[in-house]
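Worksheet for the structure shown next.
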Amino acid sequence: MNDELIRSVLTDTRHIALVGASDKPERASYQVMTYLLAQGYKVTPVSPKLAGKTLLGQQGYASLAEVPDKIDMVDVFRNSEAAWEVAQEAIAVGAKTLWLQLGVINEPAAVLARDAGLTVIMDRCPKIDIPRLGLQKQA
C-alpha cells in the first residue's frame, strides 16, 4: 500500500464511521475509536447494539444509512465476509474511503468499492499508520 495514499486519506478525512464499534474497552474497535477521537476526527460508532446509545460521547447508529452527517471514511471492524455488505453501504452513503482493518481482507468488496470511486485501504489500522507516518497530534 502506498504511504502517500494513506497519508492523503488520513489528512483529508474529517468524519469516520466506525462499523463494528464495541462498547467493550478491551476490544480493538473501542481502542481505535478512542485514539481517533483524540486525534481530532469526528467518529461515529455504527453497530446495531449501539443504536440510540452513545459511545465515548458519540451518538451510535445501527447502520451507515442512519448516520445523518456526510461520511468521509468507513472504518470496518467486521469479519472479511461482512466487508462486501459494508462496501455496498459505504457506496450508497457516498463515502470517499473504505478502510478495512487488520485481518479484514475481501478483494471482491475492494473491487466493488474502487469501481464506485472509493479509495480502498485494506488490512491496515489508522491507529498504527497515523504515528508511523508522523501525523499524530501531540497531546
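Key figures
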read-out	value
Whole-number percent relative contact order across segment 70-139, with pairs defined as alpha carbons under 8 Å at least 6 apart	31 percent
Helical contribution to [θ] at 222 nm, DSSP H n ≥ 4, -39,500 (n - 2.57), averaged over the chain, rounded to 500	-9500 deg cm²/dmol
Lysine pairs with alpha-carbon atoms under 21 Å apart, the chain, spacing 8 or more or separate chains	13
Check: segment 61-139 dipole with +1 on Lys, Arg Cβ and -1 on Asp, Glu Cβ, in debye	380 debye
Among 62, 95, 17, residue whose mean-square fluctuation peaks in a GNM of the chain (springs only between Cα atoms under 10 Å)	62
Segment 3-132 - charge dipole about Cα centre, Lys and Arg +1 at Cβ, Asp and Glu -1, debye rounded to 20	380 debye
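Since every read-out is calculated from the coordinates, none of them should be taken as a lab result. Because the structure is predicted, anything quoted here is derived from the model rather than measured. With ideal geometry, Cβ positions are generated from the backbone for all residues, glycine too; neighbour counts draw on all protein chains shown.
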